[in-house]
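Read through the structure below, which is laid out as structure tokens, and then see the notes.
Any read-out appearing in this document is the output of simple, stated calculations on the displayed coordinates, not a laboratory observation. Just so it is clear, the model here is predicted, and its values are computed rather than measured. Here Cβ is always computed from backbone atoms with ideal geometry, including for glycine, and neighbour counts include all displayed protein chains.
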Amino acid sequence: MKLGIFHPAFKAVGGAEILAASHGRFLQEEGHQVSLITFDYDADRWAARLAGMDLRLVPKRQWQEAFLFWSQLHKQRLRGLRAEPRLQGLDAVIAYNWPCSTMLGNAHTDARKIWHCNEPRRSLHARATNPTLVAKLEAGGGDCDAVTAFEKKLASDDRGMAMKNPRYWLREEDKKSITAFDELWALSEFSAANLQRAFGPRKVEVIYPMVSFPEGSAKQRGLDRAGLQVLVHSRLEVLKNVDTVLKGFAQFRAKANPSSKLHVVGEGDHRPRLESLARELGLGNAIQFHGFLPDVKLREVYEACDVFALLPLDEPFGMVYPEAAAKGLLLIGPDHGGPFEILEGGRIGWCVDAFDAAALCSTLEEIWTLPDEEVMSRRAEADRTCRERFGRAAIGARLLQLLGA
């Protein structure tokens, strides 16, 4: 089968790019011809990962697009037209991210059109993609940075859409394109529901991301009884809701375990606010902001930690959870979204109200009292379950089933 992977850019190494690349590699290894259709490509980062695949690079822009009176929608349509020749001669094309999804829906091609939806574009479908935040606002809001920021953003978006601003027309184009797809896939049940909220009732197949697991099993030891070591590993942005983790950790440290430590790995725009909050909470040396870490240092931090805690809001999946399970960490996630599905509603971890710092505190207290035998049993079960559900064999079989290959 001749298959196309249509994605805006293989430049940064992010979750969407890794997902598209993992599918491409798997299908190539299964004997299919895989072509990459993209507007931007960093050979230094991606040549080795995508070796052997047919690269069909689309010119990102032409000189005419510099004219200010051409709208974003007009430019998007022009780029879609430039991509069309690269979509020919294929049996099926899978679009992974907006605006390639819109472009593929509107493209003239005989190829089977598939949209693998990570999530509908949040800037165009704010209410549909953030149902938990919407519900929280309707219930009166809450004390977390994400609620405050979302309330302002939603008010601004609603005004703009009512005035039919440029994003309004991009959203209308997005909605129109959905009718031309032969199939819609989503990377979680939560993402599928968001897609249906954005575009109306549609048949959506769920295929979870393919996770690359290390060889060997999770570490077999109990907790660090000198003090609980808790890890956050995430982009530091407002929707990751790391401020609630800091608040819950501070409560736990004050109530139950003053020798505990919180490790925050990652960078992002929200880091200065989190560092300020840590000072307000009096965490001092009990928290360490590691920033971005190379692989060797990252492994050392994971090895030193007992618990992975992250409470993102309206997260479509969350690759960090199965990855953390494979590294032997106990898992705490939110009570909704993709992480809730990964943790099977709390069967292989703890799912807590993402807006409630006290709930996180209580969960950390519960974990701190677990005997080492149960700690090791929970670690092993989470590791085993995630490998079975999200490993190459299971997801590869599902991918081939959906393609009929």
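Here are some notes:
- Evaluating 6.51 cos²θ - 1.76 cosθ + 1.60 at θ = phi - 60° for every residue in the range 116-127, the Karplus couplings come out as 8, 8, 5, 6, x, 4, 5, 5, 9, 10, 4, 5 Hz, glycine and proline recorded as x.
- Looking at the chain, the DSSP beta bridges with both ends there are about 0 percent antiparallel.
- Kirkwood estimate for the range 298-340, i.e. one over the average of 1/r between Cα atoms, Å: 10.6
- Förster radius 25 Å - calculated FRET efficiency between MET1 and ARG347 (Cβ-Cβ, nearest 0.05): 0.10
- Angle of helix 72-83 to the longest C-alpha principal axis of the chain, folded into 0 to 90 degrees and rounded to 10: 70°.
- Residues PHE289, PHE39, PHE10, sorted so that the one with the fewest Cβ neighbours within 10 Å comes first: PHE289, PHE39, PHE10
- Projecting the Cα atoms of SER377, PHE252, MET161 onto the dipole axis of the chain, where Lys and Arg carry +1 and Asp and Glu carry -1 at the beta carbon, places MET161 farthest toward the positive end.
- Whole-angstrom gap from the range 24-42 to the range 280-327, using each part's C-alpha centre: 31
- Positive-end residue, the chain charge dipole about Cα centroid, Cβ charges, pick of ALA309, HIS74, GLY141: HIS74
- Normalised by residue count, the chain yields a Cα convex hull volume of 147 Å³ per residue.
- Between helix 271-280 and the chain there is an angle of about 20 degrees, using the helix long axis and the longest principal axis of the Cα atoms.
- Along the range 248-259 the Karplus relation, 6.51 cos²θ - 1.76 cosθ + 1.60 evaluated at θ = phi - 60°, assigns HN-Hα couplings of x, 5, 4, 5, 4, 4, 6, 8, 10, 7, x, 8 Hz to successive residues, with x for each Gly and Pro.
- Only aspartates and glutamates eight or more places from LYS153 in sequence, or on another chain, were considered; those with a Cα closer than 17 Å are GLU138, ASP143, ASP145, GLU237, ASP269, ASP314.
- Among the listed pairs LYS152/LYS175; LYS152/LYS327; LYS2/LYS164; LYS175/LYS240; LYS60/LYS297, those whose Cα-Cα separation exceeds 30 Å are LYS152/LYS327; LYS2/LYS164; LYS60/LYS297.
- Projection of the Cα convex hull of the range 229-389, averaged over all directions and equal to a quarter of that hull's surface, yields 8.5 nm².
- For the range 153-310, radius of gyration divided by Kirkwood radius, i.e. Rg to Rh on alpha-carbons: 1.09
- Whole-Hz couplings from phi, Karplus 6.51/-1.76/1.60, listed for the range 224-237; x for Gly and Pro: 6, 6, 6, x, 5, 9, 10, 10, 10, 10, 6, 5, 8, 10
- Net charge dipole size for the range 170-285 [Lys, Arg +1 and Asp, Glu -1 on Cβ; Debye, nearest 20]: 640
- Against the chain, whose longest principal axis is taken from its Cα atoms, helix 392-403 shows a tilt of about 30°.
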